[in-house]
Amino acid sequence: MRRLSSALFLLGLGLLIAAIFQTMEFGSVAPIAGQAINTVAAEQVGAANFVTAVVLAYRGFDTLLELTILFTAATAGGLVLGKPRAGASRDPDSGFILRAGADLFFPLLLVVGLYIILHGHLTPGGGFQGGVILASAFFIPILARPGTSMNHRRVSLIEGFAGAGFILIGLLAMLGGKEFLSPLLDQGELGALLSAGSLPLLYIAVGLKVGSELAGLLAQLSETEATD
Amino acid sequence: MNKLVLLVALPLITAFLLPVINRVSAFAGRWSGPLILLLTSALGISLWSQLGDSAVAIELGGFRPPLGITLYADQMAILFAVAASLGTLLLWPNGGEDSVRQSTLALILAASGSGLALSGDLFNIYVFYELVAVVSYGLIAAKATSGSYAATLRYLVVSSFGAAMALTGIALVYQATGTLNLAQLAQLAPTQLNNMQGLAAFVLMLIGFGVKAELFPVNTWVPEVYATAPARISGLLAGVVSKLALLIIVRLLVLVFHQPEALTVMLVLGIIGVVSGELAAWRARDFKRMIAFSSIGQLGIMFIAFAIPGKAGIFAGLAIALHHLVVKPALFLLAERWSGSLSGLAGAAKASPLAAALFILLALSLIGVPPLPGFWAKLLVLVELSQQSQPLYYLGAVVILAGAALEANYLFRVASRFYHAENAQTAPASHRLPELATASLLCAALAGSVFVLTPLAEQIEGIATQAADTAHYIQTVNPEALP
Amino acid sequence: MQLLVLFIVVVMLCSAVAVLLLKDFLAALAAFSVVSLGLSVLFVILRAPDVAMTEAAIGAGLSSLLFALALRRLGLWRLKE
Amino acid sequence: MTMDTGLILYTAAFGLILIGSAGIVLSTHLVRIIFGIALLEAGANLLLLLATYRAGSAAPIIVEGRIPAVMADPVPQALVLTAIVIGVGILALALSLALRVQRAYGTLDLREVRQRLEQDIAGEAGIDLPSSSDAPQAVMTRQEGQA
């Protein structure tokens, strides 16, 4: 019965998609918002990477919410998984080569992650991609040494202040009589490292937030005891 | 007026910092959440009174639409934004092991609920909707029973499927128009979206946003979640969050999707919702699932009402939605101590006479007995339905009447059991004070509204008139001229 | 170019079906990574380097890591004997 | 890039959406269903990015002051970026929940989980299972002693 209704549902979805395919006109419409942004972004925001301009300036509100979703998922994950019991079974130790490799990788990943975050307004990449690399920098040592655990207090401190920093930058603009999340600071020269006003600051907040949330999530998951 | 953003920003920043605040002082950690919500609710109400019957658009980041994200605040938006704040405050999660995490999640729920009501950008709505979803997973799972974990996971699967469908719909809309701003979409819709692709996009978004609005094919999570979640969270989900999802669908219908087929789809799904919900509630053997199924039925009535074209539909739908917004949380609060089977409720009136009396008041209003507000709301829907020409609307009216008869049957079966003291083995425990106080407050609001029915109806009609006015919306947001 | 796109798409769709049909969860995870990687290559072809980087880091990297951790904790981390 | 390439790409997007939906609706193992969600999201993301893609446009980045003649639309790129990050957050939460469900019920088979869930709810309410009512569309057969 369930199978039948599922199959019917899928059939309906398939028909819907087929109908869309039939009537859809590919690429017939000019992207109104996108074209406007491409014309004015260099002047208005001052970021050479227009995707960054959209992510942090034009649609910065979305990004704030996205960070909140990660934060919420980490908080809810903490609620669900809880604290690991003492003396829970652990993964077998991973051997010398992996541990040495993890130690070697740690500074490398840290530098690469920070580089990607700081150049987010100039080249592809930014807070999200850099944040993932930061998270892996802190997580790989845990994988290599299954006994150790992450300092959750410090992680929650970083995630709290990074998220609050993003909102504070937005609220500062309101104090100055502008709208929430308006770009601040001098735009500088297009393409320079110190340019695009407050965007690099926002991306640092994003990077730290993403990094700490993801590292926390990964650590939570790996600290949970195995069921078998 | 740009202070409206604080309705979202203040709870969010408090939520981010709550773990830190709690470490400094547990007292501050416990009270800062409710305090902030009190503040935002007051702010929202004061802005509502300032606004009058005008509307305002906030260009976030100072970018003109369609470049940036726009928030749109008319009376309906602020009403529901305040409802999200105030509702979370009234139903603030209490107890449980991890109260800091729960408070954090509740704050985010208030922020995202308010934002969902105010947002004027299609993708921004999607992000807010996902945020509401993730927060509710956390709050349901906070019960920390095996049942709540399983129910949350099943809910997550349905909800993620819906969200992906909504995202697909958004992609189709963007493909056809090249913009996400609702005002600009309203300008472009008659030429670009009045076709098969537009209808498909609407159906996909209806499935997506319908998950939280307990729409028929995607409401399988409702009985499981409401039976396993903490009662306050069930009340929030059924009372407030479902209305927010409904609000989005109504906005989309008014502004973007003008096809008559779109209304027909909603009408049919609403009718199925009423029939299946009320029948299942009638068959239910335990109190929580009975009111869970009855909420599917009630939301079905709202879908039927909003399927009436034009202002009349919004007026009728809004009236019944606001009624449900007050009644359902109160019912779930009462359900906290009556979670056992219905037969175990015998003699409950002796243990807690006030709770039993409140239940009867709520039940009478839910069924639609004059002079309670529920009667006028249902009457309004029936009158508007009878003025339509399509026969399907008459079917809707018949189904609503039959549903009311079923409701009367199962609600009175429960009420009469309350006063059967002779075969009571063990009367259920009496209610805790916070639950009873909040439920009494909601009931008092319900009963009090009987005396101000005429001004209230005029107010709601004003809200509906404003919400149905597409030109007013476009004029307020005033996007850049189309190229 | 067109042939390359066609090739990637075919591989992706086959892997996507394989994710659902393979009995062994580890193999399904591998197929899932193939889908993510294919997607990130498509994003490069579609002139979206930012998205491609994110998809590679998050879709192929992090998601697979999450799945792997979960499979291990769930006791599904074993190849068919 | 020709029209046909666009068609191939749209096929990929809708294909992923359909395969993902099939995984969610037809699978009986919860991990498989979570895989389905991830595939479905991937398809929706690709569709979103394709929405305004034009052949022959350049990436929306100014390198060394040169502004390309036709730049790709940066808006869907930013949207997809957001959607990918949202997806991974939900994925992590889903997997955490799956861990807890397995620990509580000892199974991840959807049918058994539903059955145990029904038992849990009925048990809490203190009613015998066979007499309890199910969701209207969820009438199923039960075997005692399973799970």
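The values are calculated or read from the model by the stated rules, or taken from the named source; none is laboratory data. Remember, it's a predicted structure, so these values are computed and weren't measured experimentally. Every residue, glycine among them, receives a Cβ derived from its backbone with ideal geometry; neighbour counts consider all protein chains shown.
Name the one entry in B:A227, B:A151 that is crowded, with 24+ Cβ neighbours inside 10 Å, over 26 Å from B:L118 (Cβ atoms), modelled with pLDDT under 90 and away from chain A (no Cβ under 12 Å).
It is B:A227.
Identify, from the list B:Y129, B:Y72, the residue that is outside any helix (DSSP H, G or I) and modelled with pLDDT of 90 or more.
Unique residue meeting the criteria: B:Y72.
Can you go through C:R72, C:R47 and tell me which one is closer than 25 Å to D:L47 by Cα, charged (D, E, K, R) and within 14 Å of chain A (Cβ to nearest Cβ)?
After ruling out the rest, the residue left standing is C:R47.
Need the failing condition index for A:V112 against (1) crowded, with 21+ Cβ neighbours inside 10 Å; (2) in contact with a helix residue (DSSP H, G or I) (Cβ under 6 Å, 6 or more places away or on another chain); (3) of a type outside the set (S, T, Y), just the number.
Only one criterion in (1) crowded, with 21+ Cβ neighbours inside 10 Å; (2) in contact with a helix residue (DSSP H, G or I) (Cβ under 6 Å, 6 or more places away or on another chain); (3) of a type outside the set (S, T, Y) is unmet by A:V112, namely (1).
Output the number of residues of segment B:354-374 satisfying the condition of being farther than 22 Å from B:L334 by Cα and free of Cβ contacts under 8 Å to residues at least 24 places away in the same chain.
Total satisfying the criteria: 1.
Can you name the helices (runs of 4 or more DSSP H) wholly within chain C that have at least 1 residues being more than 11 Å from the chain's Cα centre (by Cα), under 24 Å from D:I24 (Cα atoms) and touching a residue at least 24 places away in the same chain (Cβ under 8 Å)?
Ranges flagged: C:2-21, C:25-45, C:63-74.
So for segment B:49-57 (the condition being assigned to a helix (DSSP H, G or I), modelled with pLDDT of 85 or more and crowded, with 24+ Cβ neighbours inside 10 Å), does at least one residue qualify?
no
Looking at segment B:93-112, which of its residues are surrounded by fewer than 20 Cβ atoms within 10 Å (Cβ to Cβ) and out of contact with any helix residue (DSSP H, G or I) (no Cβ under 6 Å at 6 or more places or on another chain)?
Residues satisfying the conditions are B:N94, B:G95, B:E97, B:S99.
Identify the residue in segment C:50-66 that is farther than 21 Å from A:F139 by Cβ and of a type outside the set (D, E, K, R) and, among all such residues, is farthest from the other protein chains (Cβ to nearest Cβ).
Checking each candidate, the answer is C:A52.
For every residue, the table says whether it meets (1) surrounded by fewer than 23 Cβ atoms within 10 Å (Cβ to Cβ); (2) outside any helix (DSSP H, G or I); (3) at pLDDT below 95.
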{"position": "B:H258", "(1), (2), (3)": "yes, yes, yes"}
{"position": "B:E261", "(1), (2), (3)": "yes, no, yes"}
{"position": "B:T264", "(1), (2), (3)": "yes, no, yes"}
{"position": "B:S276", "(1), (2), (3)": "yes, no, yes"}
{"position": "B:L279", "(1), (2), (3)": "yes, no, yes"}
{"position": "B:R289", "(1), (2), (3)": "no, no, yes"}
{"position": "B:I296", "(1), (2), (3)": "no, no, yes"}
{"position": "B:A316", "(1), (2), (3)": "no, no, yes"}
{"position": "B:A319", "(1), (2), (3)": "no, no, yes"}
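Within segment B:146-165, how many residues turn out to be in contact (Cβ under 8 Å) with a residue 12 or more places away in the chain, more than 19 Å from D:G106 (Cα to Cα) and not hydroxyl-bearing (S, T, Y)?
Adding up the residues that qualify gives 7.
Take segment A:2-56 and flag every residue that is part of a loop (DSSP other than H, G, I, E, B), without any contact (Cβ under 8 Å) to a residue 12 or more places away in the chain and more than 7 Å from every other protein chain (Cβ to nearest Cβ).
Matches in segment A:2-56: A:E25, A:S28.
Looking at B:L358, B:L406, which one is hydrophobic (A, V, I, L, M, F, W, C) and at pLDDT 90 or above?
Unique residue meeting the criteria: B:L406.
Condition (residue is more than 18 Å from the chain's Cα centre (by Cα) and among the small types (G, A, S)) applied to segment B:127-140: is it met by at least one residue?
Within segment B:127-140, one or more residues are more than 18 Å from the chain's Cα centre (by Cα) and among the small types (G, A, S).
So that you can scan it fast, the table gives a plain yes or no per residue for (1) more than 10 Å from chain A (Cβ to nearest Cβ); (2) crowded, with 20+ Cβ neighbours inside 10 Å; (3) outside any helix (DSSP H, G or I); (4) touching a helix residue (DSSP H, G or I) at 6+ places or on another chain (Cβ under 6 Å):
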residue: D:D4; (1), (2), (3), (4): yes, no, no, no
residue: D:L7; (1), (2), (3), (4): no, no, no, no
residue: D:A12; (1), (2), (3), (4): yes, yes, no, yes
residue: D:F35; (1), (2), (3), (4): yes, yes, no, yes
residue: D:E41; (1), (2), (3), (4): yes, yes, no, yes
residue: D:A55; (1), (2), (3), (4): no, no, yes, no
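Taking the condition without any contact (Cβ under 8 Å) to a residue 24 or more places away in the chain, among the hydrophobic types (A, V, I, L, M, F, W, C) and either under 25 Å from B:A15 (Cβ atoms) or in a loop (DSSP other than H, G, I, E, B) (or both), does A:A135 pass?
Criteria not met by A:A135.
I'd like to check something: does segment B:232-239 contain any residue that is of a type outside the set (S, T, N, Q), within 13 Å of another protein chain (Cβ to nearest Cβ) and in contact with a helix residue (DSSP H, G or I) (Cβ under 6 Å, 6 or more places away or on another chain)?
Within segment B:232-239 (the criterion being of a type outside the set (S, T, N, Q), within 13 Å of another protein chain (Cβ to nearest Cβ) and in contact with a helix residue (DSSP H, G or I) (Cβ under 6 Å, 6 or more places away or on another chain)), the answer is yes, since at least one residue qualifies.
Filter segment B:177-198 down to the residues that are closer than 17 Å to D:F14 by Cβ and either surrounded by fewer than 20 Cβ atoms within 10 Å (Cβ to Cβ) or of a type in the set (A, V, I, L, M, F, W, C) (or both) and list them by number.
B:M196 - this is the single residue of segment B:177-198 that is closer than 17 Å to D:F14 by Cβ and either surrounded by fewer than 20 Cβ atoms within 10 Å (Cβ to Cβ) or of a type in the set (A, V, I, L, M, F, W, C) (or both).
Does segment C:1-16 hold any residues that are at the interface with chain D (Cβ under 9 Å from one of its Cβ atoms) and under 17 Å from D:E41 (Cβ atoms), and which are they?
C:M12, C:L13, C:A16
Restricting to segment A:12-28, name every residue that is closer than 14 Å to B:Y174 by Cβ and modelled with pLDDT of 75 or more.
Matches in segment A:12-28: A:I20 only.
Filter segment B:135-148 for residues that are part of a helix (DSSP H, G or I) and at the interface with chain A (Cβ under 10 Å from one of its Cβ atoms); which is farthest from B:E224 (Cα to Cα)?
Here the answer is B:V135.
Are any of the residues in segment B:240-253 more than 14 Å from every other protein chain (Cβ to nearest Cβ), touching a Ser or Thr at 6+ places or on another chain (Cβ under 6 Å), under 30 Å from B:G340 (Cα atoms) and modelled with pLDDT of 90 or more?
no
Please verify whether D:I84 is more than 7 Å from every other protein chain (Cβ to nearest Cβ) and either under 20 Å from C:G59 (Cβ atoms) or of a type in the set (A, V, I, L, M, F, W, C) (or both), treating the condition exactly as stated.
no
Checking B:P391 against (1) in contact (Cβ under 8 Å) with a residue 40 or more places away in the chain; (2) over 25 Å from B:F418 (Cβ atoms); (3) surrounded by fewer than 19 Cβ atoms within 10 Å (Cβ to Cβ): exactly one of these is not met. Which one?
All conditions pass for B:P391, except number (1).
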